[in-house]
Amino acid sequence: MPGTPAEDVVDTTAAGDSFAAAYLHARLSGATLEAAASAGHRLARQVVRYRGAIIPADAMP
């Protein structure tokens, strides 16, 4: 499932791990494949807007 490109990319550290975490959380919570992929894209797109692997809690989508 294609995602929307991120804007204002600062650092790609943890983008893949963040995608996987959001995807797996969604799937284990009963989400469809499409909804889980969307959740993964959404979190990864947000994570790359910050430096380092951990983003501020208030920046979580």
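The values are calculated or read from the model by the stated rules, or taken from the named source; none is laboratory data. Since this is a predicted model, take the numbers as computed values, not measurements. Quick reminder, even Gly has a Cβ in these numbers, built from the backbone with ideal geometry, and neighbours come from all protein chains shown.
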| Looking at Tyr50, Tyr23, which one is touching a residue at least 12 places away in the same chain (Cβ under 8 Å), assigned to a helix (DSSP H, G or I), touching a helix residue (DSSP H, G or I) at 6+ places or on another chain (Cβ under 8 Å) and of a type in the set (Phe, Trp, Tyr)? | Tyr23
| request: Collect the residues in segment 20-61 that are under 14 Å from Val10 (Cα atoms) and either in contact with a Lys or Arg (Cβ under 9 Å, 6 or more places away or on another chain) or not charged (D, E, K, R) (or both), keeping them in residue-number order. | output: Ala44, Gln46, Val47, Val48, Tyr50, Gly52, Ala53, Ile54, Ile55
| task | Could you check, for segment 26-40, whether at least one of its residues is surrounded by 12 or more Cβ atoms within 10 Å (Cβ to Cβ) and assigned to a loop (DSSP other than H, G, I, E, B)? | result | yes
| Across segment 1-20, what is the total count of residues that are surrounded by fewer than 16 Cβ atoms within 10 Å (Cβ to Cβ) and not in a helix (DSSP H, G or I)? | 12
| query | How many of the residues making up segment 1-41 are at pLDDT below 95 and among the charged types (D, E, K, R)? | reply | 2
